[in-house]
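The values are calculated or read from the model by the stated rules, or taken from the named source; none is laboratory data. All values derive from a computational prediction rather than experimental measurement. Glycine also receives a Cβ, built like all others from the backbone with ideal geometry; neighbour counts cover every protein chain displayed. For the accessible areas, the whole protein counts, side chains as well, though only heavy atoms, and no ligand, DNA or RNA atoms are used. Shrake-Rupley method; radii C 1.70, N 1.55, O 1.52, S 1.80 Å.
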Amino acid sequence: GLKQELFHRHKEAQQCCRPHNLPLLRAAQQREMEAVEQRIREEQRMMDEKIVLELDQKVIDQQSTLEKAGVSGFYITTNPQELTLQMNLLELIRKLQQKESESKKAFS
């Protein structure tokens, strides 16, 4: 939205500009557009970092909860291999639960 608003403002300015000033105006507008694009990239990077931190916290909360519940193999860690193992354990638990639920439906 910000880029589009800037583009429309630039277009209006170019239409009102005298022909001999047009190159200067376009150069200034190009710098302004680059600054806006840089700001957008920076904001996106900051948002991505915030999301990653929130996801990391969710993982830690999940590890803590499962550890407190006594689920074997779960403890707080940031080791990628241990995280992969825990993800695989969760997937196995999910599949077993799904299979059990299907079995109960078959006998109902």
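For residues that are in a helix (DSSP H, G or I) and either of a type in the set (Asp, Glu) or without any contact (Cβ under 8 Å) to a residue 12 or more places away in the chain (or both), tally how many sit in segment 17-35. So that I can check it myself, show each step before the final result.
The initial filter retains those residues of segment 17-35 that are in a helix (DSSP H, G or I), namely 19-35.
Next, only the ones that are either of a type in the set (Asp, Glu) or without any contact (Cβ under 8 Å) to a residue 12 or more places away in the chain (or both) stay: 19-24, 27-28, 30-32, 34-35.
So the count comes out to 13.
With the structure loaded, tell me whether Glu91 is more than 30 Å from Phe7 (Cβ to Cβ) and assigned by the TED database to the domain that holds Cys17 or whether it fails that test. Working first, answer last.
Working: more than 30 Å from Phe7 (Cβ to Cβ): yes; assigned by the TED database to the domain that holds Cys17: no.
No, not satisfied.
Would you be able to tell me the number of residues in segment 67-89 that are without any contact (Cβ under 8 Å) to a residue 12 or more places away in the chain and part of a helix (DSSP H, G or I)?
8
Name the residue that is farthest from Thr77 (Cα to Cα), counting only residues in segment 33-47 that are acidic (Asp, Glu) and open to solvent by 90 Å² or more (accessible area, probe 1.4 Å). Outline the logic, then answer.
Within segment 33-47, the first condition is being acidic (Asp, Glu), and the residues that meet it are 34, 37, 42-43.
Subset that is open to solvent by 90 Å² or more (accessible area, probe 1.4 Å): 34, 43.
Values: Glu34: 41, Glu43: 29 Å.
Step by step, filter segment 33-47, then rank; the result is Glu34.
What number of residues within segment 2-16 are open to solvent by less than 90 Å² (accessible area, probe 1.4 Å) and without any contact (Cβ under 8 Å) to a residue 24 or more places away in the chain?
3
When you scan segment 17-30, how many residues do you find that are of a type in the set (Lys, Arg) and loosely packed, with under 10 Cβ neighbours inside 10 Å?
Residues that pass the stated criteria total 1.
Among (1) touching a Phe, Trp or Tyr at 6+ places or on another chain (Cβ under 9 Å); (2) open to solvent by 90 Å² or more (accessible area, probe 1.4 Å), there is one condition Leu92 misses while meeting the rest; what is its number?
Every listed condition holds for Leu92 apart from (1).
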